[in-house]
Amino acid sequence: LFKAYLSSDNIYTCQNCGTHFSRQDDLISKAFVGRHGRAFLFNDVVNVSFGPVEVCQLTTGTHITREIFCIGCTDYVGWRYEEAFEESQKYKEGKFILERAKIIKEK
């Protein structure tokens, strides 16, 4: 199993196994909601595997998403936006949601 190890002052990791996911510099917004409460939007995430493509009706409209899972422990950690149908939501395409309940910020 190959894992990427990130080098940064602040890194978001899996709360279950400590696998690195993203850097503070890739955090776009903390103002999102996921299945387990608060969720963060990131520009880039590593060390995840992808579930199948799904059409989801979210509070901001219809999106095509894929669930993401930690490659270290296989826990569900969030999703990736594949496509947004509302023009105002297009900025999310290719971006990642990490559920706050599933991550830890390491300094």
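Once both labels are positioned 7 Å from their Cα atoms along Cα-to-Cβ, the gap between Ser29 and Ser49 label points is 3.1 nm. How many lysine pairs does the chain hold where the Cα atoms are under 15 Å apart and the two sit 8 or more places apart or on different chains? Counting lysine pairs in the chain gives 4.
Length gained on full extension, Thr59 to Glu82: 6.7 nm, using 0.36 nm per residue less the C-alpha separation.
Note on the chain: Cα Rg divided by 2.2 N^0.38 Å, N the number of residues, gives 1.01.
Values quoted throughout were computed directly from the atomic coordinates according to the rules given, and no laboratory measurement underlies them. All values reported here derive from a predicted model rather than from experimental measurement. Note that we place each Cβ from the backbone using ideal geometry, even for glycine, and neighbour counts take in every protein chain shown.
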